[in-house]
Amino acid sequence: MESIPSIRVKDLTRQYGALTAIHKVNFTVNPGEVVGFLGPNGAGKSTTMRILSGIMSATSGSAWVGGTCVAQNPHEVKRKIGYMPENNPLPDDMRVVEYLRFRARLKEVPKRKLRASVQEAMEICDLARTARRKIIGTLSKGFRQRVGIADALLGDPEVIIMDEPTIGLDPHQIQGIRKLIDNLRGKHTVILSSHILPEIERSCDRVIIINRGRIVASGTSNELREEFLPGNRFSLSIEGDASQVIPQLAAKGFEATILESTPLAEDRAKLSLRIENDGELGPQLIEALSNQSTFTLHSLAPREPNLEEIFLAATKRSWEETIETKPKITT
Ligand SMILES: Nc1ncnc2c1ncn2[C@@H]1O[C@H](COP(=O)(O)OP(=O)(O)OP(=O)(O)O)[C@@H](O)[C@H]1O
C-alpha cells in the first residue's frame with residue numbers, strides 16, 4: 001500500500017493584491033524526507049511555508065499535511081506541523097523553559113505530556129543543560145535559533161518546517177544546527193529553506209527550486225546535475241599554451257568545451273572543462289594531454305557541479321523561458 005505523503009501541494013497560488021507571489025505550485029514530500037526549499041529573495045518560499053502551516057490562506061489550490069487538507073482542517077494541521085518562521089520572534093524577558101512550556105500549552109500538548117515534551121525538545125536542541133533557565137534576551141543568535149527549533153518540535157509533530165534556520169549564524173553555530181537537522185532525520189519529515197546552498201546540499205535528501213513563484217526544478221542533487229548540467233566535468237592545471245588544450249583533445253577524439261579559464265603565475269592556467277564523451281575518462285584524458293610539446297599537464301581531477309551551479313542553471317532556464325514566451329511588443 002502506498003503511504004500518504006507528509007505534504008502534498010496542488011496548484012497552490014497566492015496573490016498579494018496584484019502581485020502573484022506563488023503560481024500553481026505543485027510538489028509532494030514523503031514521510032521521513034529532508035527536503036531543501038531553495039530560491040532567490042522573493043521567490044515565494046516563505047509564502048508557501050506560511051500556507052502549509054495554516055498561518056495564511058491560499059488564493060487558490062490546495063495543500064495537505066499528512067493527508068489533512070490545510071484549508072478545511074487548519075486546527076488539525078497545526079498539530080501535525082511544527083513551524084519555525086524566518087527571524088523567529090521570541091519574548092526577550094522569558095526564560096527558555098518557561099517560554100517552551102507556554103508554547104506547549106498554546107499548542108494544546110496534553111497536560112500530562114507537557115513537561116516531558118518540553119524536556120525532550122530541549123534535549124534534542126541541546127538546551128536542557130546549558131540554557132534551560134536562561135533569559136531568552138541574553139542568548140546568542142545560535143541559541144535563539146535552537147529555541148525556535150525546540151518550539152517547532154513540541155508535541156512531536158510529523159512535519160517540521162524551518163524558514164532560513166541558519167540565517168545570520170556563524171560557521172560554528174551553522175554546524176550545530178546542521179547536526180540538529182541530522183538528528184531529526186528519520187523521525188520527522190523536514191522542509192527547510194535556505195540561501196546557503198552547500199548547507200542544503202549537505203543536509204537534504206532532495207531539493208525543490210522555486211523561482212519567481214514557480215517550481216523550476218525538483219530532485220536529488222545528482223538528478224538535477226543530470227538535468228541541468230549534463231556531461232563530465234574536469235578541472236586541470238597546465239603550464240604552457242592553454243589555447244592548445246581543445247585542439248589536442250579534439251585530435252584524440254574528445255568533444256570538449258572550456259567552461260572557465262583562470263590564468264595563474266608563471267605561464268600556468270587552471271581550466272574547467274566539460275567533456276561530452278561517455279565512460280571512465282580520467283586515464284584517457286591524462287594520456288591525451290600528456291607527452292606533447294605545447295603544454296605540460298600538472299593536475300587533472302573530475303569535478304561535479306555544486307548546487308550553486310545547478311541553481312543558477314535552473315533559474316536561468318526559467319528566466320529564459322519566460323522571456324521567450326513573452327509576446328513581442330510591436331509599435
Ligand atoms: N504580506 C505581503 N504583502 C505583499 N507582498 C508580499 C507579502 N509577503 C510577501 N510578499 C511578496 O511576495 C513575494 C514572495 O515573497 P516571499 O516572502 O514568499 O519570498 P521568499 O522566497 O521567502 O523570499 P525571502 O527569502 O526574501 O524571504 C515577494 O515579491 C514579496 O515581496
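Straight-line cross-link reach from Lys111 at under 19 Å between alpha-carbon atoms covers these aspartates and glutamates, not counting any fewer than eight positions away in the same chain: Glu76, Glu98, Glu120, Asp151, Asp156.
Put simply, when 138-144, 149-155, 232-238, 203-209 are sorted by average Cβ atoms within 10 angstrom per residue, most first, you get 149-155, 203-209, 232-238, 138-144. What separates the Cα centres of segment 35-106 and segment 221-257 is a distance of 45 Å.
If R0 is taken as 35 Å, the Cβ-Cβ distance between Lys24 and Lys179 corresponds to a FRET efficiency of 0.45. Think of each Lys and Arg Cβ as +1 and each Asp and Glu Cβ as -1; about the Cα centre, that makes the dipole of the chain roughly 2200 debye. Give the residue from Ala150, Gly176, Leu100 lying farthest towards the positive end of the charge dipole for the chain; charges sit on Cβ (+1 for Lys and Arg, -1 for Asp and Glu) and the dipole is referred to the Cα centre. The Cα lying farthest towards the positive end belongs to Leu100. Annotation: per residue accessible area for the chain equals 53 Å², rounded to a whole number [probe 1.4 Å, protein chains only].
Value of Rg to Rh for segment 230-302, rounded to two decimals, is 0.92; Kirkwood radius and Rg both from alpha-carbon coordinates. The modelled label-to-label distance for the pair Lys113/Gln284, using points 7 Å beyond Cα in the direction of Cβ, is 5.9 nm. Over the chain, the pair-distance histogram of Cα-Cα distances with 20 Å bins from zero comes to 27, 45, 24, 4, 0 percent, rounded to whole numbers. Taking R0 as 41 Å, what FRET efficiency do you get between Lys134 and His75 from their Cβ-Cβ distance, rounded to the nearest 0.05? According to the calculation, E is roughly 0.80. Per q in 0.14, 0.18 Å⁻¹, report the Debye log10 I(q)/I(0) for segment 109-223, using one uniform scatterer on each alpha carbon and no solvent. The Cα Debye sum returns log10 ratios of -0.63, -0.97.
Counting protein heavy atoms only, the chain has 50 percent of its accessible area on carbon and sulfur, 1.4 angstrom probe.
The residue list Ile136, Ala250, Ile210 was ranked by how far each Cα lies along the charge dipole of the chain toward its positive end, using unit charges on Cβ atoms, and Ile136 comes out on top. In terms of distances greater than 32 angstrom between alpha carbons, the cross-link table entries Lys45/Lys141; Lys113/Lys134; Lys80/Lys179; Lys187/Lys316; Lys24/Lys80; Lys179/Lys270 yield Lys187/Lys316; Lys179/Lys270.
Each peptide in 126-137, 61-72 gets a packing score, the mean of other Cβ atoms within 10 Å over its residues, and the list from highest to lowest is 61-72, 126-137. Rounded to the nearest 20 debye, the dipole size of segment 230-302 about its Cα centre is 100 debye, using +1 on the Cβ of Lys and Arg and -1 on the Cβ of Asp and Glu. Residues His172, His23, sorted by accessible area with the largest first, give His172, His23 [1.4 Å probe; ligands and nucleic acids excluded].
The values are calculated or read from the model by the stated rules, or taken from the named source; none is laboratory data. Since we're looking at a predicted model, the values are computed, not measured. Quick reminder, even Gly has a Cβ in these numbers, built from the backbone with ideal geometry, and neighbours come from all protein chains shown. Accessible surface is based on the protein model in full, side chains and every heavy atom, while ligands, DNA and RNA are left aside. Shrake-Rupley method; radii C 1.70, N 1.55, O 1.52, S 1.80 Å.
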